[in-house]
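Throughout, read-outs are computed from the coordinates displayed, never taken from laboratory work. Keep in mind it's a predicted model, so treat the numbers as computed, not measured. Neighbour counts are summed over all protein chains in view; Cβ atoms, including those assigned to glycine, are modelled from backbone coordinates with ideal geometry.
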């Protein structure tokens, strides 16, 4: 969810999660999980019961094994470029941003914060939940960098279409900014939610 | 996503929610804007940044508004917009 909060807004205290040294620099070149490297190319590719390739099998998505062999590395590079958008003057929470992306890659089901954190670090997911709920960092900075990268990429110079649309995020109450009983944008449903207008 | 903005319903700009706006870090200068106004501002912003933009596509929420369509044309932005079946174009 987008945030209007200032980049240096004070964060509520939560269990400290120290940025791992190997993540703090730029010299980490391979994904690893509890010391065990797991390249995408060796993901199990067995067929499911209905005959379809398994969720992580590249053929299921029309991709070759080579096409996804460096997916994890690309994800890491993506995070390294954008991690500065998730820091404040007093705290670096950018590792949570990486964890939220990284954890979803190998998970078939139960992509909730507790399961994601347990899979990656053996945690209970509270810190990750806090990070996602409070969005420490700057949304405008992410967009500014994204726009700069698009402008600088020759391959995207022609043929680009932007879709002006909304995205609704269901809410349990109206305590968050923008939360209100309003149109969810799908089939005329009205419910308590926050709505972003966006250009995906 | 290359740009986005949180839509704040009109009720959020009432005096009753002034303190909560402040507590949540909503900028004091933020004013009530429709989704169409937010969308047009974003399109102008990304265009000004030089983001490659051959076409903007949108659904009937936006396409039905003749002022938005005119504003996109004035910005020299090509668009493909859904409109209700009974719209005069």
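Worth pointing out:
- Crossing angle, helix B:35-48 versus chain B [Cα axis fit, 0-90 degrees, rounded to tens]: 70
- Principal axis box of the range A:158-199, alpha-carbon based, largest edge first, Å: 43, 23, 10
- Of B:75, B:33, B:11, the one that fluctuates the most in a GNM where chain B has Cα springs shorter than 10 Å: B:11
- Length released on extending from residue A:69 to residue A:134, taking residue separation times 0.36 nm less the Cα-Cα span: 20.1 nm
- Fewest-first ordering of B:43, A:163, B:26 by other beta carbons within 10 Å of each residue's beta carbon gives A:163, B:26, B:43.
- Cβ-based exposure ranking for B:13, A:131, in which fewest neighbours within 10 Å come first: B:13, A:131
- Spacing of the two label points (7 Å from each Cα toward its C-beta) at residue A:149 and residue B:10, in nm: 4.0
- Cα shape, chain B, gyration tensor, a/c 1.5 rule: oblate
- Simple label model, 7 Å out from Cα along Cβ direction - residue B:86 to residue A:118, nm: 5.5
- Note on residue A:156 and residue A:52: their simple-model spin labels are 3.0 nm apart, each label 7 Å out from Cα toward Cβ.
- Three-way shape call for the range A:95-195 based on the alpha-carbon gyration tensor, with the a/c threshold at 1.5: oblate
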